[in-house]
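Notes follow the structure.
The values are calculated or read from the model by the stated rules, or taken from the named source; none is laboratory data. What you see is a predicted model, and the numbers here were worked out from it, not measured in a lab. Every residue, glycine as well, gets a Cβ built from its backbone with ideal geometry; the counts of neighbours run over all protein chains shown.
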Amino acid sequence: MRLRNLHLYQVLRLLADAIAIAGAWRLTVAIRILLNPVASQQVSIVEATFWAPSLLVVLALWTVLAWRLGHYGAPEQRGWHRNLFSVVDQSLLASMIVVSVTVFDRSVGIEASRSFMLLFAPTSFVTLALARFGTLLLCLKTENISFPPLRAALLGDCQVAAQLLGQISPVRGDSIFMGLIVPEGQSTTGGPETLRVLGTTTQLAEVINREQIREIIVLNSSMPHTEVERCGVVCKRMGMSMNFAFDLATGPARMNLSTFYGFPILEIVPISVSKTQELLKRAFDVLLASIALVITAPLMLIIAAAIKLDSEGPVLYRAPRVGKGGRHFICFKFRSMYTVSDRVQVTTANEKDGHIFKIKNDPRVTRVGHWLRRHSLDELPQIFNVLLNEMSIVGPRPLPAVDLDPDGMSRAFAEWAEGRACVHPGITGLWQIRGRSELPFEEMVRLDLEYTQNWSLLLDIRIILDTPAIVLRGTGAY
């Protein structure tokens, strides 16, 4: 998420957090009274506040420490789950302040309640979370109403611009790409069809005024350093900031900008999952798969009987799929096609491109198979693949081995294949909650990379919670 008015965001965050901590303090006092039946009859709210540490002291310490620790800096472009981790940090800070003030109070003879410290931690988490997301929504809503999208322009070589726009949309929520400004003397052919050439770098100021440009994105690798400097002088004179698009990362990575010894440093950290994270995800998978197996066992028996009654052949289909690291494994599915079906007969009817083979009205699918696919019930036996450590509950969908290269990778989409190879394929994933089979292959690639680059247990939980509603509606699957 990206906010233009950072000052407004900082002020509102500070006020909202102060209200949230005061609310948590007041709510904790009320809960403390309710947990003591005798106190609820003999002690008023005002009298009970003497059990709690001073609210003014807590707020004063919070404001100083939170500001010094950078809690009110620029909001990062990150998802809700990362903001949730930030809220956890804030609630822990608030809880430590309460503990410190309570310990001090008791050391000087003030009878502060020990249970207040325990109750304040979860209460402050809830109120601070509400304050964080409420403030973000308010700021984003205000900016959407008050500010039109920024008119942006790319600055660089036509071919590099075409590669960049192959990964993003020409229209974003807060910016519209108006066109391309090319280096002086370079060719204006081979650029993206969606963007027109506005002019050259020597005409930068003229283009900014004519097109009402408010944001310049420099394609750093396609511009000589001296020319970038000249453009920087123009942008500085006209009060505009310059954004740089880097192409230094060779694979999925996180980039952190910092300053060492006065030099701006761009740190490129390859994305990897630690052993602790792997163990945590594996434990989560085994627990959830075991519960799911017990719950769905009766349903799977009914489905097996329906398949047998509907058409001849085995109940299960053993499908060669590509798993973690590009290794092939046998993926279990309920059979949804006739046993005499041959993919060669319908090759020309494929409605997808890339490494996906899909036909909306596939003549090979049985009557029961149509229903199973519509609600993704044919995937239920993959619970066994999860228990065998061949799949995960959440991850990129496993693709047929015949649709990828023999080594399980893809030379045409190398970065995508490398990203998928880092994790186990999943029963559900971002494909399932954002369109299922209706998605174009390019969007599936983007979602796979988004998942592998931003994995967290909270993201898995979110996908799992969103999946049932999508499956029950049966939209987008065939």
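A few points about this structure:
- Scope the stretch 428-445; condition in a helix (DSSP H, G or I) and in contact (Cβ under 8 Å) with a residue 40 or more places away in the chain; matching residues: Q432, R436, S437, F441, E442, M444, V445
- Residue count, the stretch 98-128 (criterion: of a type in the set (S, T, N, Q) and at pLDDT 85 or above): 3
- Filtered by the rule that a residue be over 22 Å from N209 (Cα atoms) and either at pLDDT 65 or above or in contact with a His (Cβ under 9 Å, 6 or more places away or on another chain) (or both), the stretch 166-184 gives no residues.
- Residues of the stretch 2-53 satisfying the condition of being modelled with pLDDT of 70 or more and of a type outside the set (A, V, I, L, M): Y9, Q10, R13, D17, G23, W25, R26, T28, R32, P53
- Residue that is farthest from S392 (Cα to Cα), among those in the stretch 426-459 that are of a type outside the set (D, E, K, R), in contact with a Leu (Cβ under 8 Å, 6 or more places away or on another chain) and at pLDDT 80 or above: L447
- Applying the condition of being among the hydrophobic types (A, V, I, L, M, F, W, C) and surrounded by 20 or more Cβ atoms within 10 Å (Cβ to Cβ) to the stretch 385-400 and asking which residue is nearest to E442 (Cα to Cα) yields L399.
- Residue count, the stretch 416-452 (criterion: crowded, with 22+ Cβ neighbours inside 10 Å, closer than 23 Å to P381 by Cβ and of a type in the set (V, I, T)): 3
- Any hit, the stretch 84-94, residues being modelled with pLDDT under 65 and in a helix (DSSP H, G or I): no
- In the stretch 433-441 there is no residue that is more than 19 Å from the chain's Cα centre (by Cα) and closer than 23 Å to E278 by Cα.
- Flag if L472 is part of a helix (DSSP H, G or I) and within 20 Å of the chain's Cα centre (by Cα): no
- Residue check for A131: at pLDDT below 85 and either surrounded by 14 or more Cβ atoms within 10 Å (Cβ to Cβ) or not assigned by TED's automatic domain parsing to the domain that holds I181 (or both): no
- Residue in the stretch 291-316 that is surrounded by the fewest Cβ atoms within 10 Å (Cβ to Cβ), counting only those that are out of contact with any Phe, Trp or Tyr (no Cβ under 7 Å at 6 or more places or on another chain) and touching a residue at least 60 places away in the same chain (Cβ under 8 Å): L299
- Condition check for R68: more than 28 Å from E450 (Cα to Cα), exposed (fewer than 14 other Cβ atoms within 10 Å of the Cβ), touching a Ser or Thr at 6+ places or on another chain (Cβ under 9 Å) and modelled with pLDDT under 75: no
- Some residue of the stretch 279-290 being touching a helix residue (DSSP H, G or I) at 6+ places or on another chain (Cβ under 8 Å), buried (at least 16 other Cβ atoms within 10 Å of the Cβ) and within 27 Å of T366 (Cα to Cα): no
- Among the candidates K333, K308, the residue that is at pLDDT 90 or above and assigned to a helix (DSSP H, G or I) is uniquely K308.
Residues checked against (1) assigned to a helix (DSSP H, G or I); (2) of a type outside the set (D, E); (3) at pLDDT 85 or above; (4) within 28 Å of the chain's Cα centre (by Cα):
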| position | (1), (2), (3), (4) |
| --- | --- |
| V340 | no, yes, no, no |
| T347 | yes, yes, no, no |
| N361 | no, yes, no, no |
| H370 | yes, yes, yes, no |
